[in-house]
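Engineer: Pasting a structure below so you can have a look.
Throughout, read-outs are computed from the coordinates displayed, never taken from laboratory work. No experiment lies behind these values; they were computed from the predicted model shown. Cβ atoms come from the backbone with ideal geometry, glycine included; neighbour counts cover every protein chain shown.
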C-alpha cells in the first residue's frame, strides 16, 4: 500500500481508565499518517522518550 506524503505521529498519555484525573502510567506513540487507520506503534515510560521515538519515526523512510 503506497503512502501519500510524510509520516505523522503523535504522543498520547496512557491512563488506567478514561478519567483524566488519574495519573499517567505511560505514553503511546501513534502513527496518524492515515487518520482513518491510526496505529499504536510503541509504548514508553516517559513522555520525553515517546517524543524522541515519534520524531525518529516521522524521519524514517520505509
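Engineer: Has the stretch 12-27 got any residue that is surrounded by fewer than 15 Cβ atoms within 10 Å (Cβ to Cβ), within 17 Å of residue 59 (Cβ to Cβ) and touching a strand residue (DSSP E or B) at 6+ places or on another chain (Cβ under 6 Å)?
Structural biologist: No, because not a single residue in the stretch 12-27 is surrounded by fewer than 15 Cβ atoms within 10 Å (Cβ to Cβ), within 17 Å of residue 59 (Cβ to Cβ) and touching a strand residue (DSSP E or B) at 6+ places or on another chain (Cβ under 6 Å).
Engineer: Going by the conditions given, is residue 43 at negative phi, touching a residue at least 12 places away in the same chain (Cβ under 8 Å) and within 9 Å of the chain's Cα centre (by Cα)?
Structural biologist: yes
Engineer: With the checklist (1) part of a loop (DSSP other than H, G, I, E, B); (2) touching a strand residue (DSSP E or B) at 6+ places or on another chain (Cβ under 6 Å) in hand, flag the one item residue 50 doesn't pass.
Structural biologist: So the condition that residue 50 fails would be (1).
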